[in-house]
Each structure stands twice: as C-alpha cells, then as structure tokens.
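J.: The structure's right below; bear with me while I get my questions together.
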Amino acid sequence: MLPPLLFFLLFKYYPMLNAVLAFKDYNVIKGIWGSPWVGLKNFKLFFDNPIFWSLLKNTLLLSGYLLLAGFPVPILLALMLNEVRGGRFKRIVQLVSFAPYFISTVVMVSIIMLFLAPRLGFANLALNALGMESVNFLGEPGYFRSIYVWSDIWQTAGYTAVIYLAALAGIDPTLYEAAKVDGASRFQKIRHVDLPGIMPTIVIVLILNVGNVMALGFEKVYLLQNPLNIVNSEIIATYVYSIGLLNANYSFATAVGLFNSFVNLILLVLVNSLAKRFSSSSIW
Amino acid sequence: MATASASKKIRESAGDRFFLAAVYTILSLVLLVVLYPLVYILSSSISSPAAVTSGRVWLWPVNLSFKGFEALFRTPEVMTGYGNSLIYTVAGTIISVALTVMIAYPLSRKSLFGRGPLMMFVTFTMIFSGGLIPTYMVVKELGLIDSRWALLIPNAIWVWQVIIARSFFQSSIPDELLEASEIDGCSDLRFMRSVVLPLSKPILAVLVLMYAVGQWNAYFDALIYLKTANLFPLQLVLRSIIIQNNSAGGLMDAMKMVERQQLAEQLKYSLIVVATLPVLIIYPFVQRYFVQGMLVGSVKG
C-alpha cells in the first residue's frame, strides 16, 4: 500500500504545494521556495490582459457547445439500441459505434486533417464533385468549434451509450409489463418508463460533464490548432502550455492554471448541490 | 422466447411498426457514419499512391498496392517509435496495474484503519490538481525529464481505475473469506496470492486493457517530458509526420518529385492504420471486458 500512497503524495499533492508558485516570482536559481512572494500580481496580470476574456470565451463556448450537442446524442443512441431486441444488428451497431473510442487523439486529429485537407481531403473532393468550391475547413476560425464537437461525438457517443444501456437493462421488467397492459405505444414506453428509469444516470453523467467544462481536453485542441484558427482555438489549457512550457513563464502560467482548477472545482460543487436539490442523485 | 416474440408481433400497432422502422433506419445511418471513415482510411492505405492523391478512392481500394506500408517499414523513425510504444505499453501496464491493485484492495476492506479519509485522499485528486507547470516541476526535480520513466511513473495510477477495482473487490471478495483464511492461519500475502488474485481475473483483464490502450494512445506526457527523438513513442512520430507535415526524412530521396509527394500523402493513411490496427483488432474480442468494467464502475460504492 505504501508505493501507491507515495505516488499520490509525490505526483498529485506535492504539485498542489508547488502551486504556490502562482503567488511568487519564480527565479530558477532561488528555486520555488526561495523566490520572492508577489501576492496576487500574477492573477492581476492575467485578469487585466485582454487575452483573458478571449480565452474565457473560447473555453466556455467550446465546452458549452460540446455539452449541448454531445450530451443528448448517447442517450438517444442508447434508447434506440434498447428498442432493438437482441439479435446481430444490435450487437454490430454497438460494436462499431464503440470502436472509435479506442482511436488515439493523434490519430483522430490526423483523420480530421486528412478528411478536411484543402486540396485532396475527402470533404473537398465531395464538394467539388457536387460542383462546389473547396473550403479550407481548418483555416476558417468559424468551423473550428463544429469540427471539434462533432468529431468528439463521433468518437465517444457509442462509448457513453453503453453506460445508459446498462442503466436501461436495470429497469424493473414489471414496469414494462404494466405499460404493455395499459396499451402504451413504444414511444410512450420510452417517455414514461425508460427516461425516468435512467434519470439518475443522466444526472450523474451531466454533473461529471459540467465538472469538466473548464478541464476541456488540451490534447485535441492543441493538435487542431493552427495560426489561422487560433482566434477561436486558443483556450486556457493551451495558453498555459504555450506560456509556461514554451516561454518558460512558470509563475504566470501556474496562476492561470490555478484559476482554471478553481473555477472547475466551484462549478462541480455548484452543479452537484443543484442536482441534490432537484433530484435525489449526486456524486457525493 | 419464440412464442413471446410472436405474440408481440401481433400486438404491434401501425404506429409502433413505423417507429421501429425509423429506429432501424437511424441506427443504420449511425453505423454508416461511424464505419465509413474507417473503411475509407483502410482502403486508401492499400490503394496505389497515385489513386489516393487524385481522389479516385471513394470506398474500396483502387489499384491494390502496399507501397505505403513498404515505405513505412523502411522509415527508421517509425520503427523506433513502434518499438518504443511497445516498451511503454508493456512496462507501463505492469506498473500501473500493480500499483492500482495495491491501493484498491486495501481500500475495499472494511477493517482498514482510516479507510474513509484515505478514499477521500485518493478521489480528491480527481477534482482538483496543482496544474501542468507544478507537476512538470516535480518531474523535473526528480530528474525524470527526457527519460523513459517520465512516461511510466507520473501518470501511473488513474483514480477512476482505482474506483472500479475497489468496487469489484468489495463485491466479489467478501470479508468472510478473509476471516476464514485467517482462522486457517493464512498470511495476508498468501491470501492475496492464492485467493484474491485468482478470483479477480475479470477485473485484472479490465485494468490491463484500459491501461494498455491508454499507454499506447498517449502522447501528451511524451510531448512535454521527452526531448530525445530516440525515446519518442509512435504517437509523437505520427504527429510529426501527419499533423506537422514533416515528411519522414531521407527515405525517398531517390524517387521522382511527383511520386515522392504522392507516396508521402499515402504514407499518412498507412501510418494511421499501423498505429490503430493493433487496438482495433483486439477490441472485438475483449469488448465484453470493457463493458463489464464500465458496469462495475457505474455501481456506486
């Protein structure tokens, strides 16, 4: 039991201590603890910087879009799969829709780039075949969010649907019997038996999703980013990376990161207490 | 079973039949949308480079050719990357699974002193973290920058896996079993080896698979911690060739310009296939375990 505890102390809790860097002016020679305190200077610097608002806007718009579009899809998928009784068709759909989950972020972005390439990409070949002009999808900032969100749905909907399918399988069969006796149509059955049955699961997944609003996946955004679409694709996480690791501005980047973690924590607590009030399910 | 479905068919109203038909249609569309890009990439990787670059591949391979793969095997970066990824996956999975079991099993025992606070200690890291830079500084202080260990240790335990494993141990290895063994004079280590591990094969399979896929697909840690190209995993090589469009150096000097460009384009499809196929081939056989793992995890413990 000791090695794992050491792991958590060293790689999870020690960094939290190190985060005091945000309140200091980091000096390589003096080290983290020897560097002078500067109070909230780094935070002030960040909030006064015009980029703060654009980062916040980009982060929230992207994750808001992802939440709105991405949240219902797996639920619908699971409800539909649940209507299909057994059989090979159901198994195949499940198997195939789950598969993209195993594709790595790098490969996912590679596929996106090959499909949307300005000259030879599949999307533009198709547009040309229909007699339309080519579009430089990844160079247009306006397309960035849609590309991110819909590729994400393509990749994860089948995986998330499995969670809902499990919840659907746990619904008391006598409820279906009762619905049948009452002459409910398939649609009514979904509305009055399925949906209420998986509501606790929906709420929990929602909480987890909202809790991740600020912790948007750095990896994919960073890989999809290019100088042309950066006005919409620079989010807090990618900014921390470029300021901190590429420009070695440690203190400032730590402050930005810390701000992000805090907003995230507050959001999570907020959503959880809301869920507790309006339904019986919460994550703690 | 057969009679039940037959009687259901009779009761099915016109509206229901229409509804079901719509469901089947939409699901078929979903199937198509998910499957098409995958088939397209596979087909492109085994078509002739000329056919790929002139956009003649739509669904099936055109002018079957394995030039892309041949070129791949002659590219040293790719082969080194492949080897590295294998090392990271095997070593990383062993370390991760061992550490996860070491923390998850004690947490599943009610007799553990300070169990509640310990669980908090572990799960809190899920919702709050020091951030990228502070973590980077720790790794740097430990002298792990630019070493293989940087990819194996700092992210070795995923809290989610600990939770899944703990729920499994809790539900399938009852405390009574431990008591019985203790009465028989069985030591804790012996109990672990001859009772717990044999009973835990399903959860071990889940852990191994999840960590292995995670390691194989990871690139972020390599991006920030590694500097020497010889240590790069495949994903990082992939990123450099496909996303940053650095054509694999020195491999095609002898060829004519046009042919070279065509091949460079097709190489990308072959690379994607090579990097993804191992996982996608194994996946249908182990899907059962994945689903199982997720189900265990969704049981609140």
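None of the figures in this text is laboratory data; all of them are computed from the coordinates on show. Remember, it's a predicted structure, so these values are computed and weren't measured experimentally. Because the Cβ atoms are built from the backbone with ideal geometry, glycine has one as well, and the counts that use them run over all protein chains shown.
J.: Of the cross-linked pairs A:Lys24/B:Lys140; A:Lys30/B:Lys140; A:Lys57/A:Lys220; A:Lys44/A:Lys276, which ones have a Cα-Cα span greater than 24 Å in the structure shown?
T.: Beyond 24 Å between Cα atoms: A:Lys44/A:Lys276.
J.: Oh, and also: Let's see if you can work this out: charge +1 on each Lys and Arg Cβ, -1 on each Asp and Glu Cβ, no other charges. What is the dipole magnitude of chain B about its Cα centre, in debye to the nearest 20? Intermediate values should be presented prior to the final figure.
T.: On the way: 23 positive and 16 negative charges, 118 e Å.
The calculation lands at about 560 debye.
J.: Working out 0.36 nm times the residue gap between B:Asp146 and B:Ser28, then minus their Cα-Cα distance, what length gain in nm do you get to one decimal?
T.: Numbers: separation 118, 0.36 × 118 = 42.48 nm, distance 4.74 nm.
Working it through step by step, the gained length comes to 37.7 nm.
J.: Something else: Give the shape of chain B as rounded, prolate or oblate, defined through the alpha-carbon gyration tensor: a ≥ b ≥ c are the square roots of its eigenvalues, a/c under 1.5 means rounded, and otherwise the shape is prolate if a/b is larger than b/c and oblate if not.
T.: oblate
J.: Please give the average number of partner chain Cβ atoms lying within 10 Å of the Cβ of each residue in A:15-27, rounded to a whole number.
T.: Average neighbour count from other chains, rounded to a whole number: 4.
J.: Given a Förster radius of 56 Å and the C-beta distance between A:Leu127 and B:Leu112 as r, what FRET efficiency does 1/(1 + (r/R0)^6) yield to the nearest 0.05?
T.: Computed FRET efficiency for A:Leu127 and B:Leu112: 0.35.
J.: If you don't mind, another one. State the answer as a single residue: which of B:Val208, B:Leu64, B:Ile157 lies farthest towards the positive end of the charge dipole of chain B, with beta carbon charges of +1 for Lys and Arg and -1 for Asp and Glu, about the Cα centre.
T.: Towards the positive end, the residue furthest out is B:Leu64.
J.: Here is a follow-up. At a Förster radius of 45 Å, what calculated FRET efficiency corresponds to the Cβ-Cβ distance of A:Asp48 and A:Met199, to the nearest 0.05?
T.: 0.55
J.: Could you work out, residue by residue across B:94-106, how many beta carbons of other chains sit within 10 Å of that residue's beta carbon, and then give the average as an integer?
T.: 2
J.: Another question about this same structure. Would you tally the net charge around B:Glu179, using a Cβ to Cβ cut-off of less than 12 Å, leaving B:Glu179 out, and scoring K and R as +1, D and E as -1?
T.: Residues near B:Glu179 contribute -2 overall.
J.: Please give the calculated 222 nm ellipticity per residue for the protein assembly as shown, where each DSSP H segment of at least 4 residues contributes -39500 (n - 2.57) and the sum is spread over every residue; nearest 500 deg cm²/dmol?
T.: Computed ellipticity for the protein assembly as shown at 222 nm equals -21500 deg cm²/dmol.
J.: Hey, could you grab the Kirkwood Rh for region A:82-171? Inverse mean 1/r over distinct alpha carbon pairs, Å, one decimal.
T.: Result for region A:82-171 stands at 15.3 Å.
J.: What shape does region A:23-278 take by its C-alpha gyration tensor, where a ≥ b ≥ c are the square roots of the eigenvalues and a/c under 1.5 counts as rounded, a/b above b/c as prolate, and the rest as oblate?
T.: In terms of gyration-tensor shape, oblate.
J.: Follow-up. Mind telling me which of A:Val240, A:Val73, A:Val38 comes out most flexible in a GNM of chain A, alpha-carbon contacts under 10 Å?
T.: A:Val38
J.: Given DSSP loops and a limit of at most 16 other Cβ atoms within 10 Å, what is the longest stretch of chain A that contains no such trypsin sites (Lys or Arg not before Pro)?
T.: It runs A:120-284.
J.: Follow-up question, since we're still on this one. If amide hydrogens are placed 1.01 Å from N in the peptide plane, which non-local residues have theirs closer than 5 Å to the one on A:Lys24?
T.: Amide H to amide H, under 5 Å and 5 or more residues apart or across chains, A:Lys24 pairs with A:Val38.
J.: A further question follows. Label the protein assembly as shown by shape, choosing from rounded, prolate and oblate, from the square roots a ≥ b ≥ c of the eigenvalues of the Cα gyration tensor; if a/c is under 1.5 it is rounded, and otherwise prolate applies when a/b is larger than b/c, oblate when it is not. Before the final figure, lay out each step's value.
T.: Details: a/c = 1.42, a/b = 1.03, b/c = 1.38.
Rounded shape, in that the Cα axes give a/c under 1.5.
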